[in-house]
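Everything below concerns the one structure shown next.
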Amino acid sequence: MLQVQVLRQNPEWVKERLAIKNFAQPVIIDQILRLDNQVRKLKVDSESIQSKINSLSKEIGKYLKDDIKTSETISLKSEVIKLNEELSSLKNILLDKEKDLQTYLVLLPNLPSEKVPPGNTPEDNVVIREGGSKPNLPKDALPHWELAKKYDLINFELGNKLTGSGFPVYKNKGARLQRSLIQYFLDYNVAAGYTEYLPPHMVNETTAFGTGQLPDKEGQMYFVTEDKFYLIPTAEVPVTNIYRDEILKEADLPIKMTAYTPCFRREAGSYGKDVRGLNRVHQFDKVEVVQLVHPDKSYDVLEEMVNHVEKLVQSMNLPYRILKLCGGDMSFASALTYDFEVYSAAQDKWLEVSSVSNFETFQTNRMKIRFKDKAGKSQLVHSLNGSSLALPRILACLLENNQAPDGIVLPDVLTSYFGSDKIS
């Protein structure tokens, strides 16, 4: 959530920045500023009335102390009663105006960084760099959903039977490979200084609001109606909220956290060839990294996190590219995002496997995660997160890119986790 003082200081600049994200409702900013002015005036008026009440109450107290009951005392008491009624009315109006202000504020996306390129669609994203070599597969190379069936690794039809489309069932060596990838990713993150967590897989409304999933992505989240819990779309949601409503010490920063969780996304409106197999599913496994950092260091940390994910992808010998997302393709809460894509050789397409983002104070303002600086002043920390990594498309590319006549050859880094160097 944007801080009101930012809008107050330079509303036209805010409108220009939000236009980079194709935000088409600048009138909301004007409405926020009107409400902000009303709220501030109501606060001043309320404080003025409260001051009068306090002053009159002191005078009444003097008369009562001297046991003097005069017409003046009665008059003062009558005035205090009227002022209290007026103050109560003002407070109710103030409460309503503050709610209205909050309602409009949560509709504004985060301001994009000055580093964000203009653009409207994924085609406008900028490729920063590429790595790895695309494999030369024979013409009869199989896509991962056929390899999964050939080697009895994933049963998509059984998932349809048990739940529905987009809920694959991993089995045999497919289940073992999935577990191996999760453990390898976690070990890699922990070795880089991240503290491992295993958070709940459902969260309450306050938690979902804190990271920006609500109200922006409400329609994409699974909701447990009776208990009013949301199934998490990413570990980012519970993990970032661990420090909600806390004031940290500057010496505690950065705070580095990692977690594995299943993730649940409705993906409403997805259909066609791009959703075959593991390309797009409703439940999937992902390992996440989250950092809470000093505001002055967040963009350096962003580059550090991009390098961290890049080395992880490189370790599995997968061809990849890193894209800087344009304004029109960015998420609601992000200030700057880098996407990682790996090349699916059998499908001849790039598949997204990670997003690494800096949210600046957008999330922490909602969650009230602050730190005391050296001068003793409270400041909001910056939050960042990234996938390290999402498993479905990594698994898809590992199967497709490493297929051979006698099986699927696994990267060396997975051998000790999987217990073999090949699936056959």
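All of the numbers you see were taken from the coordinates with simple rules; none came from a lab. Nothing here was measured: the structure is a model prediction, and the numbers come from that model. Glycine gets a Cβ as well: all are built from the backbone with ideal geometry, and neighbour counts include every protein chain shown.
Points worth noting:
- Charge dipole of the chain about the Cα centre (unit charges at C-beta), most positive-ward option of GLN363, SER344, LEU111: GLN363
- Whichever aspartates and glutamates have a C-alpha closer than 18 Å to that of LYS115, once near sequence neighbours (fewer than 8 apart) are set aside: GLU16, GLU123, ASP124, ASP296, ASP300, GLU303, GLU304, ASP329, ASP339, GLU360
- Against the main long axis of the alpha-carbon atoms of the chain, helix 391-401 sits at an angle near 20°.
- With Cα atoms as the point set, the chain shows a radius of gyration and Dmax of 27.5, 106 Å.
- Fraction of beta bridges assigned by DSSP in the chain that are antiparallel (%, nearest 5): 90 percent
- The dipole here belongs to region 285-388: it is taken about the Cα centre, uses +1 on the Cβ of Lys and Arg and -1 on the Cβ of Asp and Glu, and is about 560 debye.
- Aspartates and glutamates with Cα under 18 Å of LYS173, excluding same-chain neighbours fewer than 8 positions away: GLU146, ASP152, GLU157, ASP285, GLU400, ASP406, ASP412, ASP421
- Each of the peptides 194-206, 286-298, 384-396 was scored by the mean count of other Cβ atoms within 10 Å over its residues; in descending order, highest first, they stand as 384-396, 286-298, 194-206.
- Per residue, the chain reaches -13500 deg cm²/dmol at 222 nm when only DSSP H runs of four or more residues are counted, each adding -39500 (n - 2.57).
- Principal-axis tilt of helix 172-191 within the chain, Cα atoms, nearest 10 degrees: 50 degrees
- A dipole drawn for the chain from +1 and -1 charges on Cβ atoms has a positive end, and of ALA333, GLY376, VAL309 the residue lying farthest that way is GLY376.
- For region 185-232, size of Cβ-based charge dipole, Lys and Arg +1, Asp and Glu -1, in debye: 60 debye
- C-alpha long axis of helix 298-315 to longest principal axis of the chain, angle in °: 20 degrees
- Charges were assigned to the Cβ only: +1 to each Lys and Arg, -1 to each Asp and Glu. The resulting dipole of the chain about its Cα centre is roughly 380 debye.
- Most mobile listed residue (LEU380, LEU414, LEU325) in the chain, GNM with C-alpha springs under 10 Å: LEU414
- Farthest toward the positive end of the dipole of region 171-292, out of LEU278, VAL224, THR206, is the Cα of LEU278, where the dipole comes from beta carbon charges about the Cα centre.
- Rounded to 0.05, the FRET efficiency of the ASN10 and ASP406 pair, given R0 = 60 Å and the Cβ-Cβ distance, is 0.40.
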